[in-house]
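Only one structure is covered here, and it is reproduced in the block below.
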Amino acid sequence: MGVVCSVVVPVFNEEEVINETYKRLTEVMQSTGESYEIIFVNDGSRDKTALLAREICKNDSNVKLIDFSRNFGHQTAITAGMDHACGDAVVVIDADLQDPPEVILDMLKKWREGYDIVYGQRIKREGETIFKKLTAKVFYRFLRSMTEVDIPVDTGDFRLIDRKVCDAMKTISERNRYVRGIVSWLGFKSAPVEFERKKRFAGTTKYPLKKMIKFATDAIMSFSYKPLKIATFFGSFVSVFSFIGLIVMIILKLCGIGEYVDGWTSLAVISLFLNGIVLMILGIIGEYIGRIYDEAKDRPLYVIREVVNFTEENVK
Ligand code: UDP
Ligand code: MG
């Protein structure tokens, strides 16, 4: 009998939570009375996560493990899970129990009503720093204003996708990916399920500021040329402005109005400011070129060290 629901769980240094996550997920999945699989994707953890996951796999054949050769990042781990999941529906959930596993039941219900994508929408976030909440709020809205793709706000990767969507995902090989954006880009019939985002069960966030910034740039750069357009606009604006200034100065000079010896400070300020803008714009262009370079190299998205409990269906 085929698997009805696959649950993909990316784990990175989650030794403090993985057993509890397994327990909660299993309770929920067993209550459905249908066949399921839980796929842990170990994203190069440096603690005992892999060991614990193997232990769980040994005692429960519903649990499977994809062990990466190193840390490839959260979004890549999710992708690997989706690539290998064999369920008719695939759920992606964080390992830290911030996304309550019980919500999966609501998602399955919506899925049975005929929706291809059921995404969890956070109506409240508990136990996170003000900084995280604020940056998240601003980020989702900013991203929306930057892109043409309809990416729902306040939505993480906690979602259910139908087999059709999962198969469509597999045809997309882009790097530096923003999975939830790609899912929105694909289209399909989607519906939200609201939930309250809980406190992390244990351990600390695996998304330090550096990863958050990388994540946000990936999201914006993969779905929008607007940064380039803004750069063009800014550049044109400054050029027109300087040109007018130039004409005015020439006229003043010809008419012999004004004193031109001092003014070094203003010149230095203008020059520094313009150079700053030029460098910033170069940086934006560089970001895009770097991404093109990544695509051109065409390296695999991830490298797997080992898989545990896989069946023929998973490797298909
Ligand atoms: N994660 C991962 N690789 C990483 C960072 C995070 O697989 O490089 C996983 C992590 O184990 C968790 C999920 O991604 O299951 C979300 O991370 P976290 O809860 O730390 O992020 P936050 O909720 O603080 O944004
Ligand atoms: Mg979390």
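The values are calculated or read from the model by the stated rules, or taken from the named source; none is laboratory data. A quick note: this is a predicted structure, and the numbers were derived from the prediction, not measured. Glycine also receives a Cβ, built like all others from the backbone with ideal geometry; neighbour counts cover every protein chain displayed. Just the protein is used for accessible areas: all its heavy atoms, side chains included, with ligands, DNA and RNA removed. Shrake-Rupley method; radii C 1.70, N 1.55, O 1.52, S 1.80 Å.
Between 0 and 90 degrees, the angle of helix 209-223 with respect to the longest Cα principal axis of the chain falls at about 80 degrees. Compactness of region 15-129 was expressed as the Cα radius of gyration divided by 2.2 N^0.38 Å, which yields 1.08. Relative protection proxy for 275-287, 107-119, 66-78, from highest mean packing down: 66-78, 107-119, 275-287 (other beta-carbon atoms within 10 angstrom). Calculate the length of the line joining the C-alpha centroid of region 237-290 to that of region 27-93, in whole Å. Spelled out, the Cα-based centre of one part sits 56 Å from the other.
The angle separating the long axis of helix 103-112 from the principal Cα axis of greatest extent in the chain is about 90 degrees.
Taking a Cβ cut-off of under 15 Å around residue 306, the surrounding Lys, Arg, Asp and Glu residues balance to a net charge of +2, with basic ones at +1 and acidic ones at -1. The C-alpha atoms of the chain define a longest principal axis, and helix 264-297 lies at about 30 degrees to it. Pairs of Cα atoms nearer than 8 Å and 6+ residues apart set the relative contact order; for the chain it is 23 percent.
Counting only Cβ charges, +1 for Lys and Arg and -1 for Asp and Glu, the dipole size of region 151-223 around its Cα centre is about 340 debye.
Note on region 239-316: with charges restricted to the Cβ of Lys and Arg (+1) and Asp and Glu (-1), its dipole about the Cα centre is near 180 debye. Across region 1-154, C-alpha contacts under 8 Å between residues 6 or more apart give a mean separation that, scaled by the residue count, equals a relative contact order of 27 percent.
For the chain, the antiparallel share of DSSP beta bridges with both residues in that region comes to about 35%.
Kirkwood analysis of the Cα pair distances in region 230-312 returns a hydrodynamic radius of 17.7 Å. A straight Cα-to-Cα reach below 28 Å connects residue 110 with the lysines 23, 64, 124, 133, 137, 164, 170, 189, 198, 199, 316, residues fewer than 8 places away in its own chain not being considered. How much of the accessible area of region 131-200, probe 1.4 Å, is carbon plus sulfur, in whole percent? C and S atoms contribute 57 percent here.
Here the spin labels are modelled as points 7 Å beyond Cα on the Cα-Cβ line, and at residue 236 and residue 61 they lie 6.5 nm apart. Give me the Debye-computed log₁₀ of I(q)/I(0) at q = 0.14, 0.16 Å⁻¹ for the chain, equal point scatterers on Cα only, no solvent, two decimals. Debye intensities relative to I(0), on a log10 scale: -1.08, -1.39. Only one residue of 84, 101, 171 has its Cα farthest out toward the positive end of the dipole of region 73-218, where Lys and Arg carry +1 and Asp and Glu -1 on Cβ, and that residue is 101. With the gyration tensor restricted to C-alpha atoms of region 168-249, the semi-axes of the equivalent ellipsoid amount to 40, 20, 13 Å, longest first.
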